[in-house]
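Engineer: One structure coming up, written as structure tokens, with questions to follow.
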Amino acid sequence: MTYIYRYHSPLGGITVSGNGSEITGLWFDGQKYYGAGLPNCYEEKDLPVFEETERWLDIYFGGKAPDFTPPLKMETTPFRKAVWEIMLAIPFGQTMTYGGIADRIAEQRGLAKMSAQAVGGAVGHNAISLIIPCHRVVGTNGSLTGYAGGIEKKRWLLAMEKTEMPPLFVPESDIGAD
């Protein structure tokens, strides 16, 4: 059975999904790919894993790095899971580029090179936003692109984390884009 929980953040509603003991999804309401993987039938319910996730979100939106991660179940392809695990390790207040992630994947797989565009697709389809911090992934030139929650949310989250912002910018083609 799939369960959901609703959280009210400073950036709007968030829907969290889980299997009863692990988080399987976390999306800003209305974001691109919202509810990807959610079955048609689910139940809204208070569960210990959602209480733990709410505590994580409260600490996070309080401007601090939580010192724990709720139990997660990454229901995705092996490639996306590898990318999501790298994102999970990006520290609070820091960023990593799509190319940097591609280099790590290539190294893990013993390849000479990995496509940053393929990594971008995996980042964009992250089903557990915030906890797996896809908002911390930026373009090689510092561009704030590719956030399913919207560029303004990405900018807000990075500023809240006190990320070094001067080198980061929004390309003209992404202003107002999701």
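Engineer: Looking only at residues that are more than 13 Å from the chain's Cα centre (by Cα), hydrophobic (A, V, I, L, M, F, W, C) and under 24 Å from Gly30 (Cβ atoms) in segment 152-166, which one is least open to solvent (accessible area, probe 1.4 Å)?
Structural biologist: Going through the qualifying residues, I end up with Met160.
Engineer: Output the residue which, of all residues in segment 1-21 that are touching a Lys or Arg at 6+ places or on another chain (Cβ under 7 Å) and assigned to a loop (DSSP other than H, G, I, E, B), is farthest from Lys73 (Cα to Cα).
Structural biologist: This residue is Leu11.
Engineer: Could I ask something else about it? Report yes if some residue within segment 73-80 is in contact with a Ser or Thr (Cβ under 9 Å, 6 or more places away or on another chain) and modelled with pLDDT of 95 or more; otherwise report no. Reasoning before the result, please.
Structural biologist: The initial filter retains those residues of segment 73-80 that are in contact with a Ser or Thr (Cβ under 9 Å, 6 or more places away or on another chain), namely 73-75.
Among the residues that remain, those that are also modelled with pLDDT of 95 or more are: 73-74.
Among the residues of segment 73-80, at least one is in contact with a Ser or Thr (Cβ under 9 Å, 6 or more places away or on another chain) and modelled with pLDDT of 95 or more, which makes the answer yes.
Engineer: Given the structure, is Phe79 in contact (Cβ under 8 Å) with a residue 60 or more places away in the chain and either out of contact with any strand residue (DSSP E or B) (no Cβ under 8 Å at 6 or more places or on another chain) or surrounded by fewer than 14 Cβ atoms within 10 Å (Cβ to Cβ) (or both)?
Structural biologist: Criteria not met by Phe79.
Engineer: Kindly indicate whether Ala112 is open to solvent by less than 60 Å² (accessible area, probe 1.4 Å), hydrophobic (A, V, I, L, M, F, W, C) and more than 25 Å from Gly63 (Cβ to Cβ).
Structural biologist: no
Condition check ((1) in contact (Cβ under 8 Å) with a residue 24 or more places away in the chain; (2) touching a strand residue (DSSP E or B) at 6+ places or on another chain (Cβ under 8 Å); (3) among the charged types (D, E, K, R)) across all residues:
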| site | (1), (2), (3) |
| --- | --- |
| Met96 | yes, yes, no |
| Ala106 | no, no, no |
| Asn141 | no, no, no |
| Trp156 | yes, no, no |
| Ala159 | no, no, no |
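Engineer: Can Leu144 be described as of a type in the set (A, V, I, L, M, F, W, C), touching a Leu at 6+ places or on another chain (Cβ under 6 Å) and either within 28 Å of Ser21 (Cα to Cα) or buried (at least 18 other Cβ atoms within 10 Å of the Cβ) (or both)?
Structural biologist: Yes.
Engineer: Let me ask something else about it. Give the residues of segment 21-51 that are open to solvent by 60 Å² or more (accessible area, probe 1.4 Å) and acidic (Asp, Glu), sorted by residue number.
Structural biologist: Asp29, Glu43, Glu44, Asp46, Glu51 - these are the residues of segment 21-51 that are open to solvent by 60 Å² or more (accessible area, probe 1.4 Å) and acidic (Asp, Glu).
The values are calculated or read from the model by the stated rules, or taken from the named source; none is laboratory data. Everything numeric in this text was worked out from a predicted model, so none of it was measured. Note: ideal-geometry Cβ built from the backbone for every residue, glycine included; neighbour counts use all protein chains shown. With ligands, DNA and RNA removed, areas are computed over all heavy atoms of the protein, side chains included. Shrake-Rupley method; radii C 1.70, N 1.55, O 1.52, S 1.80 Å.
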